[in-house]
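The block underneath contains the structure these notes are about, expressed in structure tokens.
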Amino acid sequence: MRGRSERQAEMLLGVTADSLIPADHPIRRIKPIVDRALAGLGPTFRAMYAERGRASVPPEHLLKASLLIALYSIRSERQFCERLRYDLLFKWFLDLNIADPAFDPTTFSKNRERLMKHAVAGEFFAAVLDEAGRRRLLSSDHFTVDGTLLEARASLKSFRPKSEEPPAADGDTPAPSDSVPPAAGAGGGRNPEVDFRGEKRTNETHASTTDPEARLMRKGKGKEAKLSFAWHVLMENRNGLVVDARLTEANGTAEVFTALDMVEDLPGGHRVTVGADKGYDTGDFVGGCRDARATPHAARKAKGSALDGRTTRHPGYAVSQRVRKRVEEIFGWAKTVGGGRKLRYVGLKRNGLWATLTATAYNLVRMATIEALAAT
């Protein structure tokens, strides 16, 4: 018998979003960790806002929303707010009622400066890491460091000579010039053609007009050069959790010196091991690690290695070389699931906020996965 298609009608139901989320859904393992971490940030949140005035969107909602954007590969904040209108899982994660409206996407941009000023993302990351420590998921002795390039939100056509006059602002009329004819078909928002053939472009002579903090870099020989930032990660070797993540300028030497900064900031003051690839087999990294009471377990170069038998003869060195490859999973997840293959924002600070929150989201996924495996 054919069923009838009934028209939808408004009705009163005694149901909550929590009752509609499956009991075995993976995000149910993530939400308690997030709620506990945010509960400890109450003093920071109170310092961010005035005591009087119109109530804003709670900062807890903004941080949880940023996690959902990374966890579910949401393309943009605008798309997230649109989906928040009807996605009950998102409303449940943000502790909203079913009938509560979604907030406007401009809420993210208006509050981003406030989040960066008070270093909220870093405190949130540390709170989640503390929760991992309470669950005995962290190693305090063995670590791995690595870095990768993240493509900036800027086109190569914006990489112009620094001596060139900046483009006219909106509403301004550029000065007429008889020596430079207008490009054919220019106007109407058309993307102009640019020919770089025969022009030598370097970071010393050129800069992006879209994102001046981005630098032209290539991953290796034979690879194309792109406007990029450098993302550095320090991973503990027991469960592959991120213990430190920093976004810096991509200048060719940032990997080694940022890695040393992260190693020096490790708590405890006891001797640790730090695994790394061949790019870290340098005198600066090896000497810096030993000064920071860390044993450098970098992969050895075929020629001119800074390591010797004092380090490589121990069985722990071979273990570090096997485990260090797990750090690539972090970069792969951040670029595919987390949306970092091409950055969304302009500037080092805004993208740094994204990088910290994405590392936090990765740790939450790892912690939930470990708990699920332990329960089976």
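Since every read-out is calculated from the coordinates, none of them should be taken as a lab result. It should be emphasised that the depicted structure is a prediction, and the values quoted were computed from it without experimental measurement. Here Cβ is always computed from backbone atoms with ideal geometry, including for glycine, and neighbour counts include all displayed protein chains.
Before moving on, here are some points about what is shown:
- Other residues within the sphere of radius under 11 Å centred on the Cβ of Gly122, judged by their own Cβ, net out at -1 (K and R +1, D and E -1).
- When the Gaussian network model of the chain links Cα atoms closer than 10 Å, the mean-square fluctuations of Gly252, Gly275, Gly220 top out at Gly220.
- Here the chain is assigned +1 on the Cβ of each Lys and Arg and -1 on the Cβ of each Asp and Glu. Its dipole about the Cα centre then comes out at about 1040 debye.
- Taking amide H positions as modeled 1.01 Å from N, with prolines and chain starts lacking one, the residues under 5 Å from Gly275 and 5 or more places away or on another chain are Phe143, Thr144, Val145, His297.
- Value of [θ]222 nm, deg cm²/dmol, for the chain, DSSP H segments ≥ 4, -39500 (n - 2.57) each, nearest 500: -12000 deg cm²/dmol
- Normalised by the number of residues in region 17-117, the average gap of Cα pairs under 8 Å and 6 or more apart makes the relative contact order 33 percent.
- Over all other residues within a Cβ to Cβ distance under 12 Å of Asn363, the charged ones net out to -2, with Lys and Arg as +1 and Asp and Glu as -1.
- Across Lys117/Lys349; Lys117/Lys162; Lys200/Lys342; Lys157/Lys342; Lys31/Lys110, pairs whose alpha-carbon gap is larger than 19 Å: Lys117/Lys162; Lys200/Lys342; Lys31/Lys110
- Distance from region 196-239 to region 32-78 (C-alpha centre basis), Å: 32 Å
- Set of aspartates and glutamates near Lys335 by C-alpha distance (under 16 Å), chain-local residues within fewer than 8 positions excluded: Asp146, Glu151
- Cα gyration tensor category, rounded, prolate or oblate, for the chain with a/c compared to 1.5: oblate
- Ranked list, fewest to most other Cβ atoms within 10 Å of each Cβ, for Ile98, Ile370: Ile98, Ile370
- Residue exposure proxy: Trp333, Trp231, ordered by other Cβ atoms within 10 angstrom of their Cβ from fewest to most, comes out as Trp333, Trp231.
- Positive contributions from Lys and Arg (+1) and negative ones from Asp and Glu (-1), summed over other residues with Cβ under 12 Å from the Cβ of Glu329, come out at +3.
- If you run the Gaussian network model on the chain, springs between alpha carbon atoms under 10 Å, then out of Ala245, Ala230, Ala102 the most flexible one is Ala102.
- Most fluctuating residue given options Leu138, Leu96, Leu149, as computed from a GNM of the chain linking Cα atoms under 10 Å: Leu96
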